[in-house]
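In what follows, a single structure is set out as structure tokens and then discussed.
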Amino acid sequence: MGRGEGPALALALASLNRRYGQGAVRSGGRAELQGQPTGIGSLDLLTGCGGLPRGRISRLRGGDSSGAFDLGLQLAARVSLQLPVVLVDFSLDLDPGLIDAYHGDLDNCWLVRPRSPAEGWSAARALARAGVGLCLVLARDWPRVTPGAAPAALLAALSESGSSALLLGGGPLPAELRERTSLELASRRLGWELSHGDVCGMRLELTVSRSRLAAPGASCRLRLGFPRPYPTQPGPEELAGEGGEEEEAGLGLLLAAGAGG
Amino acid sequence: MTPGDPRRLACLSFPHLALLLAWRAHPELCGEALLVGGPALGGRRSVLAVSDPARALGVREGQDWRRAELLCPRAVRLQADLEALAELRRQARLALSGCSPMVEWAADSSAYVDLSGEERGRSEAVRAAGCGRALREGVGLTPGVGVGQSRFTAWAAARSAAPGRVRIVPPGRAAEFLARLPVAQLPISEATVERLLQFGLSSCGDCASISPAELQRQFGPEGLLLHRLCRGQDPARLEVWHQPPPCGVRRVLAGGVEDAESLRFGASELAQGLAQELALRGRAAGRIRLTLRGEEDGGGDPRAWWSEVAPPLPLASAGDLLGPLLGLFGRIHPSSPVQAVELEALELVAPPRHQEGLWPGPGAGRETVQRAVDRLHDRFGKGLVWRVGIRPGHPGDVPEERLAWSSR
């Protein structure tokens, strides 16, 4: 406790940190929260902590064909090259082979296909507590798959181990989950990338729509390549540098097939 | 187990422990007629154990010593070493109590184990063989094991099984199995046996074909017992021997609890209790067993359901114990209200040198995650967490064909 902080303030700070995770309230000038680097420089700058915030819940959202789904999987693929990754698939239709298509390490990934929401959240909590690098949670209908106490328990496990969690999927979040989400990124498609008449990727804009880590409203533009089933896929050099100043150079490395989500 | 399921008992039959001690001290007496005398009660000595050659001449356990000498004058006579006998009995009981919390020790020549409460998915034969193996490894005895739905059926099956073998009488086929058994082996008075033989009723099958009313008219109350024994329906209860666990906690639930969620609610407290016990001893649990004890059933037999697990690493802290414990709660499905919950550490081993999973941090290795996955499988069953790999050769387009799925 610093100078001038009374017991009531300390109690309130402790309560807020307990409720929203360590680092929810910080004194100025101290950068306590660390981020899990994603390897995409502009995205890491955007979040305000150098990547996906550790010990916190983040969300990546977007409408159909906004690129949010592919971007989320690419982040998971990147993290899997360094740390264990868990994919909690409430929608039960995720193709985990996409991690391999995005040049991730499938041997470092675990896929949870829960038979009930409670099972899924228990697994997410247990694996987050075990210290996975990223816990990617996918769902179509968040209110239906989110029991009331699950978000708080997941956040406690993340705070304990310092893991990151990323929620992926459309639809509104229930209040219990929304108020425990520290960072919300919105994805919007700007246009398709074409190569010899084929769609080989997309350009998208990523905006911080809500954040407890930095001022919301910041945005960046990214280029997303899709995996291609044949060897003529464009290399990273081909895509890199073609965009404007906002575009992330080298992001084309990631991106490879499947329609953008 | 549901209330309608028949009880399954295993009987382990072996030579009297006093005989075993005598043979160990005098190996040359194996195969000889041998009488082992017990303590003198009221100034009269009696026979404690008899070898088969002496038994063939009519000597029985509990007989007066003088009469036994007259019946078998050539037998070697020894006095039992009561202290060694008590120690051997203690070791044998301990060995069996590791297999089940429902064990009856009967007369130093047989033991009964209730197999019906274990919720682990192991077959009956494997569980029964495990009991025999525990006795062999614990005290060097190789029993014959019989399994049946009543004490007498299990005992008869065990007597007919060779040492080291298991004989199982399927439910509902006890009468068929007992039909050829001589009436002399029934646990009834000698006078009744003699009268049965006079009537020409030499086997259990002969007696089972007679109505209970007729048997009662001839033999009184013993007639009804005879009828039930011959049909494999004897009502004898299991006199459970309660061995205080080397390290464990027990919680009595007021009024009985039936709801599984309510039972799980106390799991954390149980884990903490056992962790404290382990910390006091400076040990870790190599194997833990959860036992839920219920009310007595209609026949007055105590009911219990249990399951056990041997984790890959010894468990010492409450946090480490909680995961496997929740898994055990998930396996057990009691069919009546639970009166008490017991958590025991069956094997005490040296604690691990470092605290597993205390602060894994965000950079945990695959092994740590895999251990967490194993605990999840233990709790929720296979099929929750999957590992996938790419199958070479593009066998199909859908993920189920293109990828190799494994729930290990």
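The values are calculated or read from the model by the stated rules, or taken from the named source; none is laboratory data. Please read all numbers here as calculations on a predicted model, not as lab measurements. In this analysis, Cβ positions are derived from the backbone assuming ideal geometry, glycine residues included, and neighbour counts consider all displayed protein chains.
Numbers at a glance
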read-out: First in segment B:140-164 and without any contact (Cβ under 8 Å) to a residue 40 or more places away in the chain, second anywhere and in a loop (DSSP other than H, G, I, E, B), Cβ under 9 Å, 6 or more apart; value: B:Ala156/B:Val169; B:Ala156/B:Leu181; B:Ala156/B:Gly232; B:Ser160/B:Leu181; B:Gly164/B:Thr142; B:Gly164/B:Pro143
read-out: Flag if A:Val137 is under 21 Å from B:Trp405 (Cβ atoms), touching a residue at least 24 places away in the same chain (Cβ under 8 Å) and either under 19 Å from the mean Cα position of the chain (by Cα) or surrounded by 16 or more Cβ atoms within 10 Å (Cβ to Cβ) (or both); value: yes
read-out: Residue within segment A:51-62 that is more than 24 Å from A:Ala156 (Cα to Cα) and modelled with pLDDT of 85 or more present; value: yes
read-out: Per-region count, segment A:165-179, residues assigned to a loop (DSSP other than H, G, I, E, B) and either surrounded by 22 or more Cβ atoms within 10 Å (Cβ to Cβ) or among the basic types (Lys, Arg) (or both); value: 1
read-out: Selection from segment A:73-113 of residues that are in contact with a His (Cβ under 9 Å, 6 or more places away or on another chain), in a helix (DSSP H, G or I) and among the hydrophobic types (A, V, I, L, M, F, W, C); value: A:Ala77
read-out: Unmet criterion (only one of (1) farther than 17 Å from B:Leu186 by Cα; (2) surrounded by 23 or more Cβ atoms within 10 Å (Cβ to Cβ)) for B:Thr153; value: (1)
read-out: Criterion: modelled with pLDDT under 85, within 10 Å of chain A (Cβ to nearest Cβ) and in a loop (DSSP other than H, G, I, E, B) - qualifying residue of B:Gly363, B:Gly393, B:Gly383; value: B:Gly363
read-out: So B:Pro171, is it in contact with a Lys or Arg (Cβ under 9 Å, 6 or more places away or on another chain) and in a loop (DSSP other than H, G, I, E, B); value: yes
read-out: Of all residues in segment A:83-98 being facing another protein chain (nearest Cβ under 8 Å) and buried (at least 21 other Cβ atoms within 10 Å of the Cβ), the one that is nearest to A:Leu154 (Cα to Cα); value: A:Val86
read-out: Segment A:151-171 residues that are away from chain B (no Cβ under 11 Å), paired with ones that are of a type in the set (Asp, Glu) (beta carbon under 8 Å, 6 or more apart); value: A:Pro151/A:Glu176; A:Ala152/A:Glu176; A:Gly170/A:Asp64; A:Gly171/A:Asp141
read-out: Positions within segment A:180-209 being among the charged types (D, E, K, R), in a strand (DSSP E or B) and touching a residue at least 40 places away in the same chain (Cβ under 8 Å), in sequence order; value: A:Glu184, A:Arg188, A:Arg189, A:Glu193, A:Arg203
read-out: Among the residues listed as B:Arg7, B:Arg74, the single one being assigned to a loop (DSSP other than H, G, I, E, B), out of contact with any helix residue (DSSP H, G or I) (no Cβ under 6 Å at 6 or more places or on another chain) and within 25 Å of B:Val166 (Cα to Cα); value: B:Arg7
read-out: Residue within segment B:92-102 that is surrounded by 15 or more Cβ atoms within 10 Å (Cβ to Cβ), free of Cβ contacts under 8 Å to residues at least 60 places away in the same chain and not assigned by TED's automatic domain parsing to the domain that holds B:Leu348 present; value: yes
read-out: Residue check, B:Ala275 over 30 Å from B:Ala174 (Cβ atoms), modelled with pLDDT of 85 or more, surrounded by 20 or more Cβ atoms within 10 Å (Cβ to Cβ) and not hydroxyl-bearing (Ser, Thr, Tyr); value: yes
read-out: Condition check for B:Ala92: in contact with a strand residue (DSSP E or B) (Cβ under 9 Å, 6 or more places away or on another chain), closer than 24 Å to B:Gly132 by Cα and modelled with pLDDT under 85; value: no
read-out: Qualifying positions in segment B:162-218 - farther than 30 Å from B:Gly132 by Cβ and among the polar types (S, T, N, Q); value: B:Ser189, B:Thr192, B:Gln198, B:Ser202, B:Ser209, B:Ser211, B:Gln216, B:Gln218
read-out: Conditions (1) at pLDDT 85 or above; (2) more than 19 Å from A:Gly133 (Cβ to Cβ): number failed by A:Gly28; value: (1)
read-out: So B:Gln218, is it within 29 Å of the chain's Cα centre (by Cα) and either in a helix (DSSP H, G or I) or in the same structural domain as B:Leu322 (by TED's automatic domain parsing) (or both); value: no
read-out: Those residues of segment A:131-146 which are more than 11 Å from chain B (Cβ to nearest Cβ), in a loop (DSSP other than H, G, I, E, B) and closer than 23 Å to A:Arg54 by Cα, in sequence order; value: A:Ala139, A:Thr146
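The rows are residues; the columns are (1) of a type in the set (Ser, Thr, Tyr); (2) farther than 22 Å from B:Arg159 by Cβ; (3) surrounded by fewer than 20 Cβ atoms within 10 Å (Cβ to Cβ).
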site: B:Leu12; (1), (2), (3): no, no, no
site: B:Ala18; (1), (2), (3): no, no, no
site: B:Gly31; (1), (2), (3): no, no, yes
site: B:Leu34; (1), (2), (3): no, no, no
site: B:Gly38; (1), (2), (3): no, yes, yes
site: B:Val59; (1), (2), (3): no, no, no
site: B:Arg90; (1), (2), (3): no, yes, yes
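This table checks each residue for (1) more than 7 Å from chain B (Cβ to nearest Cβ); (2) at pLDDT 90 or above.
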residue	(1), (2)
A:Asp100	no, no
A:Arg113	no, yes
A:Ser122	yes, yes
A:Ala126	no, yes
A:Arg129	yes, no
